[in-house]
Amino acid sequence: MEPLANWAGNVQFRAANVYRPASVPELQRMVASSAKIRAIGTAHSFSLVADTDGDLVSLASLPPAVDVDTGAAAVRVSAGLRYSDIAPRLQSAGLALANLASLPHISVAGAVATGTHGSGDTNQNLAAAVSALELVTSGGDLIQLRREADPERFPGLVVALGAVGVVTNLTLDVVPAFAVRQWVYEELPFAQVAAAFDEITSAAYSVSMFTDWRSQRMTQVWLKHAGPATFPPPHWHGGRLASTDVHPVSGMPAGNCTPQLGRPGPWHERLPHFRPEFTPSAGEELQSEFLLSREHAVEALAALGRISATLAPVVQVSEIRTVAADDLWLSPAYARDSVAFHFTWVPDASAVAPALAAAEAALTPFEPRPHWGKLSTIPAATVAGRYPRMNDFRRLVAEFDGPGQFRNEYADAYARPGG
Ligand SMILES: Cc1cc2nc3c(=O)[nH]c(=O)nc-3n(C[C@H](O)[C@H](O)[C@H](O)COP(=O)(O)OP(=O)(O)OC[C@H]3O[C@@H](n4cnc5c(N)ncnc54)[C@H](O)[C@@H]3O)c2cc1C
């Protein structure tokens, strides 16, 4: 068997077998005959969320369904497809997803399972678009769950860390296709960002701020405007309008990024920062991210600014985004409009450890929820206590996976049934 590592190379999966079924019935047979099995998407998570000492199963070889239902404003997609596989199909049908993450390289099911998000004051995380799931549960049964038909349990089954079964297909809400133009401002002083935080994050459909903590400034603020053309002023909140395309990570080629300078393009070629045909982000890196109630954004920025000397040597870039609240029990934005503080670290776990601990300590007063797919050392019991529906999720895990086929150490640490 080929050795399998995650995208970043910081996790070597322990799985005895990595299965690639070519059909759903074949997948059902594999689940039925495996004592312990767990789905893997495109392995872009940095945490141990996908790791198992049982078997892994990738759905990348299942038939690639993208069934558009324009009347219902919905698309049913195979779970193993990447956003970059489905977005052009939607665009050619005149449709769009409301939002995307910074990269389109990730599988839909993997992104949904971890509560992956983009940015935007009114944009919820990507899982909030899910209206139905087809799931192979323990023993190999195939079931369908729908948001409308099962309002009690459905919100617990979408962001589910792979712990309730193997998702084979997802149905997603879609909206009419739209164009986006992105502009970037450089070198905005933190003081001006703090004074106008809400004004800045609401200045466009999706806004991302970047800093490397080497100065008390946002090195870049990306504004992704939907709707009519805008004519941005040359200076804004102390920053200046970029005159060339840029990459958020210093020294990386701007050509890896989606076009800027106000050039209009379809939603899927502007909402992600990174183009599907290139390596996203820095390529050599670790990542952490913490979501907190957005009312704490300015205070949290100040707290991190105070430890910038600890962060700067090991941060390649940090990104600050906003995410609208949702009702998905394990979503890091559950029931709270959120601000997300992200860290793209250097690829050296021991050098990063003190800075990660310092960032977590600085954010503690704001009760951060770590991104499920990224690195955190906050004790699992503390994190679990920040999810009001965690006990209900534990009951769902027991209901859907009585024998514990899909459980792993990572999910058990937070959500062990009876725990
Ligand atoms: C360069 C880079 C940029 C990133 N940018 C963002 C960003 O902008 N926003 C953000 O929120 N996150 C971001 N992430 C994190 C990323 O979105 C998550 O790690 C996401 O889970 C990756 O999806 P995946 O398909 O690789 O999932 P994997 O890592 O393969 O799996 C994650 C989890 O999903 C489960 N899973 C996968 N497929 C299935 C299935 N079919 N059925 C049931 N469970 C399944 C797995 O069991 C596992 O628990 C980024 C990561 C990288 C490497």
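Could you check region 82-116 and list, in sequence order, the residues that are more than 25 Å from Glu319 (Cβ to Cβ) and within 15 Å of the ligand (Cβ to nearest atom)? Those that are more than 25 Å from Glu319 (Cβ to Cβ) and within 15 Å of the ligand (Cβ to nearest atom): none in region 82-116.
Within region 79-115, the set of residues being among the small types (Gly, Ala, Ser) and farther than 27 Å from Gly283 by Cβ comprises Ser92, Ala93, Gly94, Ala96, Ala98.
Taking residues in region 310-330 that are in a loop (DSSP other than H, G, I, E, B), and partners anywhere that are within 16 Å of the ligand (Cβ to nearest atom) and among the polar types (S, T, N, Q), the pairs with Cβ atoms closer than 6 Å and at least 6 places apart or on different chains are Ala324/Asn123; Ala324/Gln124. Counting the residues of region 392-416 that are within 19 Å of Val31 (Cβ to Cβ), away from the ligand (no atom under 13 Å from the Cβ) and not in a helix (DSSP H, G or I) gives 3. What are the residues in region 368-391 that are assigned to a helix (DSSP H, G or I), without any contact (Cβ under 8 Å) to a residue 60 or more places away in the chain and within 23 Å of His117 (Cβ to Cβ), if any? The answer is Ala380, Thr382, Val383, Ala384.
Give the number of residues within region 39-77 that are of a type outside the set (Asp, Glu), within 13 Å of the ligand (Cβ to nearest atom) and out of contact with any strand residue (DSSP E or B) (no Cβ under 6 Å at 6 or more places or on another chain).
Within region 39-77, the first condition is being of a type outside the set (Asp, Glu), and the residues that meet it are 39-50, 52, 54, 56-66, 68, 70-77.
With within 13 Å of the ligand (Cβ to nearest atom) added as a condition, the list becomes 39-50, 52, 54, 56-62, 77.
Now drop any that are not out of contact with any strand residue (DSSP E or B) (no Cβ under 6 Å at 6 or more places or on another chain), which leaves 43-45, 47-49, 59-61.
Final tally of qualifying residues: 9.
Only residues that are modelled with pLDDT under 95 and surrounded by 20 or more Cβ atoms within 10 Å (Cβ to Cβ) were counted in region 212-230, giving 0. For region 120-151, filtered to residues that are outside any loop (DSSP other than H, G, I, E, B) and on the phi > 0 side of the Ramachandran plot, the residue that is surrounded by the most Cβ atoms within 10 Å (Cβ to Cβ) is Gly140.
Quick check on my filter: what residues within region 152-178 are free of Cβ contacts under 8 Å to residues at least 24 places away in the same chain and open to solvent by 10 Å² or more (accessible area, probe 1.4 Å)?
Quick first cut of region 152-178, residues free of Cβ contacts under 8 Å to residues at least 24 places away in the same chain only: 152, 154.
Across region 152-178, the qualifying residue is only Glu152.
Here is the figure for region 156-168: residues that are more than 9 Å from the ligand (Cβ to nearest atom) and more than 16 Å from the chain's Cα centre (by Cα) total 2.
Name every residue in region 17-29 that is under 28 Å from the mean Cα position of the chain (by Cα) and more than 12 Å from Gly54 (Cα to Cα), in order of residue number. Lay out the reasoning, then the answer.
Step one: of region 17-29, the residues under 28 Å from the mean Cα position of the chain (by Cα) are 17-24, 27-28.
Matches in region 17-29: Arg20, Pro21, Ala22, Ser23, Val24, Leu27, Gln28.
The values are calculated or read from the model by the stated rules, or taken from the named source; none is laboratory data. What you see is a predicted model, and the numbers here were worked out from it, not measured in a lab. Cβ: placed from backbone, ideal geometry, glycine included. Neighbour counts: every protein chain shown. Areas reflect the complete protein model, heavy atoms only, side chains present, ligands, DNA and RNA absent. Shrake-Rupley method; radii C 1.70, N 1.55, O 1.52, S 1.80 Å.
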